[in-house]
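A.B. asks: One structure is given below, represented as structure tokens, and several questions about it will come after.
The values are calculated or read from the model by the stated rules, or taken from the named source; none is laboratory data. Since the model is a prediction, treat every value here as computed from it, not as a measurement. A quick note on method: Cβ atoms are made from the backbone with ideal geometry, for glycine too, and the neighbour counts reach across all protein chains shown. Just the protein is used for accessible areas: all its heavy atoms, side chains included, with ligands, DNA and RNA removed. Shrake-Rupley method; radii C 1.70, N 1.55, O 1.52, S 1.80 Å.
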Amino acid sequence: MKKHLLPLLCLVLLAACQRTEPIIILYENDVHCAVDGYAKLAGQRDLERQRTPYVTLVSSGDFAQGNTVGSLTNGEAVVRIMNAVGYDYLTVGNHEFDYTVPQMEHLSQLLTAKTLCCNFSRITPDGESDLFPAYEVKKYGSTKVGFVGVATPSTFRSSTPTYFIDDEGNLLYDFHATDTYECVQRAVDAARGEGAQIIIVLSHLGDDPEVAYSRELIASTHGIDIVLDGHAHHLLNERLVNDRGDSVTLASTATKFAYIGRLTIDKDNRLTNELLPACDCQKINQTVWDTTQAVQRELEAKVNAQVGTTAFALADRDNKDNRLVRKQETNLGDLMADVARYSTGATIGVCHGG
């Protein structure tokens, strides 16, 4: 009798473990210190939790730099707000390195979210060692989802190159520019080996052709279901083909919370991706909003401190509101170059357009 009951009991337990509610992944990229949007993201998370216990928040990088909230605190005030939101996973963007590599590591330690990156390592006389886990597998009821992180190798030149070399010019860090896709494939294979049924890549590569970019990543790999991309600031929600002819989604939310991404995984593990205009997300998480306002009040005195005056406007736009920076010489750029020249005693001052 007991032998007959055992298979029935196993079926009952299996049915009890089956996931019936959807998994919701809310995501963003390239927020660049547009911190007022975090309360909306958290508010959307609160709404999603009313219909499913399986809600995860992720970021594809470039959160720590963009305005004074980041620059006056070396990114730490932004991290304080992100911790109030309650992120789960993120990868690093090139601008997370703008405050030096040790500060980037410090920010990652302050974050309650787990930083994932499969292609950034430290070079030592004993070899290379990864600074972050390449991936993590998270279980939602009966479903396992793998999250993989990847950063753009162009960080070496788009941030500050001297941060990544010693005084003799030897490399201290490696972004694996020549084998980025292989790094991702190894992480995907490892996550699949741990039972992941769905693979989500948090990518800060961008879809524009660079040293490594998201479109070529998809074309060069297999086993990925969706790439949540950052870096290029584009709005993306399209299907591409991988190296085995399978369809893969490429998605991006533009920049500065123009959109919030919502990926839904139904009970049959089918994926639906949506881009929600942030202006349509009306619910605000009060705790996150209060944290954001407290941070901005604390910085107000520094921001409003007068450090000098000019008899004319320092312009980054023309009289038709067209952006001039990165397109031509500006008096604002000239001022910054002069500041660098005078403060260091140099003969020539240079300020690049970024």
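A.B. asks: Could you list all residues from the range 39-59 that are surrounded by fewer than 24 Cβ atoms within 10 Å (Cβ to Cβ), among the polar types (S, T, N, Q) and in a strand (DSSP E or B)?
C.D. replies: The one that is surrounded by fewer than 24 Cβ atoms within 10 Å (Cβ to Cβ), among the polar types (S, T, N, Q) and in a strand (DSSP E or B): Thr56.
A.B. asks: Tell me the helices (runs of 4 or more DSSP H) entirely within the range 60-122 that contain at least 3 residues that are open to solvent by less than 10 Å² (accessible area, probe 1.4 Å) and either at pLDDT below 95 or touching a Phe, Trp or Tyr at 6+ places or on another chain (Cβ under 6 Å) (or both). I'd like the intermediate steps shown before the answer.
C.D. replies: Numbers: elements: 68-71, 76-85, 101-110.
In the range 60-122, 76-85 are the helices (runs of 4 or more DSSP H) which contain 3 or more residues that are open to solvent by less than 10 Å² (accessible area, probe 1.4 Å) and either at pLDDT below 95 or touching a Phe, Trp or Tyr at 6+ places or on another chain (Cβ under 6 Å) (or both).
A.B. asks: Could you check how many residues of the range 179-190 are surrounded by fewer than 24 Cβ atoms within 10 Å (Cβ to Cβ) and within 19 Å of Leu271 (Cβ to Cβ)?
C.D. replies: 1
A.B. asks: Does the range 161-171 include one or more residues that are at pLDDT 95 or above, more than 24 Å from His32 (Cα to Cα) and among the acidic types (Asp, Glu)?
C.D. replies: no
A.B. asks: Here's something else I'd like to know. Search the range 58-71 for residues being in contact (Cβ under 8 Å) with a residue 40 or more places away in the chain and in contact with a strand residue (DSSP E or B) (Cβ under 8 Å, 6 or more places away or on another chain), and hand back the single one that is nearest to Gly353 (Cα to Cα). Before you say what the answer is, go through the steps one by one.
C.D. replies: Taking the range 58-71 and keeping what is in contact (Cβ under 8 Å) with a residue 40 or more places away in the chain, we get 58-62, 64, 66, 68-69.
Okay, now just the ones that are also in contact with a strand residue (DSSP E or B) (Cβ under 8 Å, 6 or more places away or on another chain), so 58-62.
Values: Val58: 30, Ser59: 26, Ser60: 24, Gly61: 21, Asp62: 18 Å.
Among them, the one singled out is Asp62.
A.B. asks: So which strands (runs of 3 or more DSSP E) are wholly in the range 133-223 and hold at least 1 residues that are under 16 Å from the mean Cα position of the chain (by Cα) and of a type in the set (D, E, K, R)? Give the derivation first.
C.D. replies: Values: elements: 135-140, 143-151, 198-204.
By residue number, 135-140.
A.B. asks: Quick check on my filter: what residues within the range 249-264 are basic (Lys, Arg) and either touching a Phe, Trp or Tyr at 6+ places or on another chain (Cβ under 9 Å) or assigned to a strand (DSSP E or B) (or both)?
C.D. replies: Arg262
A.B. asks: Also, I was wondering about something else. Any residue at all in the range 276-286 that's assigned to a loop (DSSP other than H, G, I, E, B), of a type in the set (A, V, I, L, M, F, W, C) and either in contact (Cβ under 8 Å) with a residue 60 or more places away in the chain or open to solvent by 50 Å² or more (accessible area, probe 1.4 Å) (or both)? So that I can check it myself, show each step before the final result.
C.D. replies: Taking the range 276-286 as the starting set, the residues that turn out to be assigned to a loop (DSSP other than H, G, I, E, B) are 281-285.
Next cut, of a type in the set (A, V, I, L, M, F, W, C) only: 281, 284.
Subsequent filtering for residues that are either in contact (Cβ under 8 Å) with a residue 60 or more places away in the chain or open to solvent by 50 Å² or more (accessible area, probe 1.4 Å) (or both) retains 281, 284.
Checking the range 276-286: at least one residue is assigned to a loop (DSSP other than H, G, I, E, B), of a type in the set (A, V, I, L, M, F, W, C) and either in contact (Cβ under 8 Å) with a residue 60 or more places away in the chain or open to solvent by 50 Å² or more (accessible area, probe 1.4 Å) (or both).
A.B. asks: So which residues in the range 318-350 are open to solvent by less than 70 Å² (accessible area, probe 1.4 Å) and assigned to a loop (DSSP other than H, G, I, E, B)?
C.D. replies: The first filter runs over the range 318-350 and keeps only residues open to solvent by less than 70 Å² (accessible area, probe 1.4 Å), leaving 318, 324-325, 330-335, 337-338, 340-341, 345-346, 349.
Listed by number, the residues that qualify are Asp318, Leu324, Val325, Thr330, Gly345, Ala346, Gly349.
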